[in-house]
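The values are calculated or read from the model by the stated rules, or taken from the named source; none is laboratory data. The structure displayed is predicted, hence computed values, not measured ones. In this analysis, Cβ positions are derived from the backbone assuming ideal geometry, glycine residues included, and neighbour counts consider all displayed protein chains. To get the accessible areas, we keep the full protein, side chains included, count just its heavy atoms, and leave off ligands, DNA and RNA. Shrake-Rupley method; radii C 1.70, N 1.55, O 1.52, S 1.80 Å.
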Amino acid sequence: MLLTCPLDCPDACRLKVTVARGEDGRERAVKLTGDAAHPYTRGFACAKTVHYPARQNHPDRPLYPLRRVNAKTDAEPVFERVTWDEALDDIAARLRTLLDTRGPRSVLRYNYAGTMGLMEGTHAHALWRALGTPELDETICATAGTAAWSLGYGTRLAVDPLDVPHARLIVLWGINSLSTHSHLTPQITAARKAGARVICVDPYRNRTAAYADEHLKIRPGTDAALALGVMHELFAHGWTDEAYLAEATLGADDLRAEAAAWPPERVAEVTGLGTDEVRAFARAIGTTRPTYIRVGYGMTRHESGGTNLRAVTLIPALTGDWRHRGGGCVLSTSGAFKLKRARLGGAHLVRPGTPHVNMNELAGALRPEAGLGALMVYNTNPAVVAPDASRVREGLQRDDLLVVVLEQAMTETARLADYVLPATTFMEHADLYTSYGHHWLNYNPAALEAPGEARPNSWVFAQLARRLGVTEPSVYWTVDELMAELLDTNHPFLEGVTHERLKAEGSVRLNVPEGFLPYAHGAETPSGRVQLSPAPQYRPPLAELNAEYPLRLLTPPAHHFLNSTYGNLDVLNRAEGSEPHALVHPEDAARVGLEDGAYARLRSEQGEVRRRVKLSAGVQPGVVVVEGTWWGLSAPDGQSINTLTAQTLTDLGGGSTFHNTRVSLDPVSSSGEASRTAGGRLSAAGRE
Ligand SMILES: Nc1nc2c(c(=O)[nH]1)N[C@H]1C(S)=C(S)[C@@H](COP(=O)(O)OP(=O)(O)OC[C@H]3O[C@@H](n4cnc5c(=O)[nH]c(N)nc54)[C@H](O)[C@@H]3O)O[C@H]1N2
Ligand SMILES: Nc1nc2c(c(=O)[nH]1)N[C@H]1C(S)=C(S)[C@@H](COP(=O)(O)OP(=O)(O)OC[C@H]3O[C@@H](n4cnc5c(=O)[nH]c(N)nc54)[C@H](O)[C@@H]3O)O[C@H]1N2
Ligand code: SF4
Ligand SMILES: [Mo]
């Protein structure tokens with residue numbers, strides 16, 4: 001069968017899933033590859049999702065509603081199996097009491113993009129909005145980038161990824177695309193075969209840097225300086241497209257004035273690059289048409305991350321690359337999915353004055369004085385992925401806080417729950433999927449019977465809604481009703497993209513024109529032009545490095561993980577080196593007497609972890625890289641890397657700053673316990 005991958009990844013692949021009937025008569029997924037007929041998936045699934053069947057059939061997967069019977073502060077959780085009615089009646093009663101006595105402020109939904117499904121992801125919020133609980137600002141990943149993009153361009157539109165082979169220069173800037181957007185690689189390779197050069201801008205030699213023709217090993221957080229330096233050269237050498245600037249932009253003079261202050265020498269000083277490197281980079285961009293710049297979220301995860309990204313994304317407005325097929329800049333294709341979203345997720349139910357909680361500030365929201373009585377967690381694993389994770393865990397452990405976790409896996413968040421409610425996977429529920437890396441809209445039917453008593457989020461929330469007396473109809477919509485609503489639009493991009501076709505074909509290309517040039521004549525901003533002013537300005541990090549914290553920690557995604565989704569699979573943990581490693585430059589290691597393979601203590605203002613050191617000349621001196629949000633259970637000290645990260649927000653969009661932590665590094669005398677294998681251990685009572 002063919003299904004779309006639901007994970008938080010730009011590729012939204014079409015997957016070919018092979019099923020086999022087990023001895024119990026139930027069909028299970030046994031093998032997974034990519035659909036060879038899909039023009040973007042091109043027959044391969046990534047190194048991680050080929051193992052999805054093992055995750056779905058994992059022996060520790062929760063299959064029945066579970067109630068915690070021991071204290072949440074005990075090291076090993078003990079759960080007992082209860083019926084759905086027992087669980088739902090008790091949860092609904094406790095929510096009712098909180099809503100009546102302490103008001104909707106006392107209940108918080110906490111969710112992210114564990115599934116990108118519009119039904120099981122976004123629309124699941126409708127119940128909470130009908131109840132008037134606080135709005136969760138979903139800022140952990142993309143909002144700094146989104147806010148930055150919208151200042152310049154309005155909606156996030158993008159070059160068609162199938163047009164990348166037209167580009168003659170490809171700049172991969174703050175994106176480890178070979179790992180995190182792997183289906184872009186065949187497109188880049190095609191461009192390269194046709195003569196394109198590939199440059200990667202990243203503080204360390206990741207897989208993408210190793211693949212590229214050139215790697216600019218930039219100092220973290222300094223991209224605005226490099227972008228302004230490129231602009232300096234574009235203006236100075238007359239490499240700007242004056243016709244485009246006049247027709248399609250506003251504020252070029254402002255940008256010209258700011259860029260004038262950034263000659264290559266100054267850029268080199270700030271970014272750590274060589275003056276000649278900066279000059280050559282600017283020349284390449286200035287003199288190669290089309291230039292395609294693919295940005296990721298990496299450079300946004302800093303205090304000035306929004307501005308840094310905005311500076312980079314404005315470069316093609318100067319070169320006029322937006323007029324050339326395959327040229328321009330891409331953050332996300334998501335703006336092309338012009339669905340009717342007014343009632344998606346109950347957006348129309350949000351009342352004025354509803355309090356907001358920024359999801360990056362969960363640790364703060366869980367402090368007793370913040371007044372929360374219940375946390376409803378779905379599609380996310382905050383005990384591992386949220387900043388300041390040890391405080392998040394302390395909060396989840398409060399005995400006066402009801403923690404309900406809807407999950408497919410016995411995650412560390414689930415292990416801290418009062419109730420674990422077993423969730424279905426994308427093969428077991430129907431849903432609709434957009435993409436942020438291509439232009440296909442996708443539909444999955446419920447292809448496999450759910451094991452045990454696993455249920456979709458939408459089923460659980462409809463059951464709770466009934467018990468809470470909610471009458472708002474959108475809370476009870478089926479997938480078909482949601483699809484009908486979303487497709488009820490006359491936007492040309494959705495012309496011919498019908499319910500019937502989605503069900504019959506599974507993946508339907510938006511009606512985006514062939515050779516789409518999204519900003520060739522302007523942008524979807526209030527003025528209709530690309531907005532270049534106010535000119536972005538470089539700001540050094542507020543938290544400067546000092547004697548106590550001399551190093552900057554980056555914590556980017558791992559090749560074999562998808563955030564924490566695969567952290568319980570031994571095969572993928574092994575592929576990543578069996579335990580998390582800290583990549584350290586030999587000079588930094590020598591300074592404190594650390595050798596390759598030794599254990600080190602990394603300490604930040606938030607906490608400390610123990611990690612095995614891997615020496616690497618591919619890292620900037622002064623920078624430490626720990627790839628992957630490993631489960632704490634797989635780390636030598638049981639801690640998530642987010643024990644070190646802070647709730648600090650970005651300049652735009654209230655985003656996360658995961659690559660901006662200052663740390664110290666010291667040897668530890670004992671080697672630490674041997675790495676443990678992840679996989680939540682269920683008590684006997686919890687298992688069938
Ligand atoms: N294999 C794999 N794929 C994934 C994921 C995964 O966990 N694993 N996660 C998915 C998700 S949710 C997302 S959001 C995307 C994220 O995918 P990306 O956008 O690729 O990841 P980022 O964390 O944003 O980091 C990208 C790169 O930015 C670099 N970087 C950090 N700071 C700076 C800086 O100041 N300047 C510059 N120029 N570069 C910097 C990092 O070193 C890193 O190599 O990937 C998705 N795909
Ligand atoms: N240090 C550091 N931390 C980071 C990052 C980083 O680069 N560095 N990256 C950040 C980024 S970009 C992101 S997007 C976040 C991601 O963090 P999360 O959104 O928490 O993503 P995952 O860790 O993949 O966990 C998703 C969970 O959702 C569950 N799930 C999936 N589908 C369903 C479903 O249908 N129903 C239910 N009930 N559950 C489901 C999965 O089983 C899984 O446990 O992490 C952030 N954290
Ligand atoms: S995680 Fe991304 S690359 Fe891997 S199968 Fe899913 S959509 Fe494709
Ligand atoms: Mo993300």
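Condition check for Asp431 on (1) of a type in the set (D, E, K, R); (2) surrounded by fewer than 19 Cβ atoms within 10 Å (Cβ to Cβ); (3) within 16 Å of ligand 3 (Cβ to nearest atom): one failure, at (2). Tell me yes or no: at least one residue of the range 341-348 is under 29 Å from Gly628 (Cβ atoms) and at pLDDT 95 or above. No, the range 341-348 has no match at all.
So, in the range 70-87, exactly how many residues are open to solvent by 70 Å² or more (accessible area, probe 1.4 Å), in contact (Cβ under 8 Å) with a residue 40 or more places away in the chain and either more than 21 Å from Ser390 (Cβ to Cβ) or outside the structural domain of Val405 (by TED's automatic domain parsing) (or both)? So the answer is 1. Here the helices (runs of 4 or more DSSP H) wholly within the range 206-272 that include at least 1 residues being in the same structural domain as Ala282 (by TED's automatic domain parsing), touching a residue at least 60 places away in the same chain (Cβ under 8 Å) and within 16 Å of ligand 1 (Cβ to nearest atom) are 207-211, 223-236, 264-271.
Checking the conditions here, which among Leu344, Leu366 is buried (at least 20 other Cβ atoms within 10 Å of the Cβ) and more than 20 Å from Arg156 (Cβ to Cβ)? So the residue among Leu344, Leu366 that is buried (at least 20 other Cβ atoms within 10 Å of the Cβ) and more than 20 Å from Arg156 (Cβ to Cβ) is Leu366.
For Thr489, the conditions (1) within 16 Å of Phe337 (Cβ to Cβ); (2) open to solvent by less than 30 Å² (accessible area, probe 1.4 Å); (3) in the same structural domain as Val404 (by TED's automatic domain parsing) are fulfilled apart from (2). Cβ-Cβ distances below 8 Å connect the following pairs, each with a first residue in the range 146-169 that is of a type in the set (Phe, Trp, Tyr), a second residue that is open to solvent by 10 Å² or more (accessible area, probe 1.4 Å), and a separation of six or more residues or different chains: Trp149/Arg156; Trp149/Arg310; Tyr153/Ala523; Tyr153/Glu524; Tyr153/Thr525; Tyr153/Gln531.
Considering each of Gly335, Gly320 in turn, give the residue that is open to solvent by less than 30 Å² (accessible area, probe 1.4 Å) and on the phi < 0 side of the Ramachandran plot. Please lay out each step first, then the result.
Working: Gly320 fails: on the phi < 0 side of the Ramachandran plot.
When all the criteria are applied, what remains is Gly335.
Picking from Arg14, Arg42, which residue would you name as being more than 14 Å from ligand 2 (Cβ to nearest atom), touching a residue at least 24 places away in the same chain (Cβ under 8 Å) and open to solvent by 20 Å² or more (accessible area, probe 1.4 Å)?
Details: Arg14 fails: open to solvent by 20 Å² or more (accessible area, probe 1.4 Å).
Sole residue among the options that is more than 14 Å from ligand 2 (Cβ to nearest atom), touching a residue at least 24 places away in the same chain (Cβ under 8 Å) and open to solvent by 20 Å² or more (accessible area, probe 1.4 Å): Arg42.
A search for C-beta distances below 6 Å between a residue of the range 111-131 that is over 17 Å from Glu407 (Cα atoms) and open to solvent by less than 10 Å² (accessible area, probe 1.4 Å) and any residue that is outside any loop (DSSP other than H, G, I, E, B) and within 16 Å of ligand 3 (Cβ to nearest atom), counting only pairs 6+ apart in sequence or on different chains, returns Leu118/Leu432.
With respect to (1) part of a helix (DSSP H, G or I); (2) buried (at least 23 other Cβ atoms within 10 Å of the Cβ); (3) more than 16 Å from ligand 3 (Cβ to nearest atom), the lone exception for Ala190 is condition (2).
Hey, among the residues in the range 17-33 that are open to solvent by less than 70 Å² (accessible area, probe 1.4 Å) and either among the aliphatic types (A, V, I, L, M) or within 16 Å of ligand 2 (Cβ to nearest atom) (or both), which one's nearest to the chain's Cα centre (by Cα)? Among them, the one singled out is Leu32.
Suppose the filter is over 24 Å from Gly437 (Cβ atoms), over 23 Å from the mean Cα position of the chain (by Cα) and surrounded by fewer than 24 Cβ atoms within 10 Å (Cβ to Cβ); does Ala243 pass it?
Details: over 24 Å from Gly437 (Cβ atoms): yes; over 23 Å from the mean Cα position of the chain (by Cα): yes; surrounded by fewer than 24 Cβ atoms within 10 Å (Cβ to Cβ): yes.
Yes: the conditions hold for Ala243.
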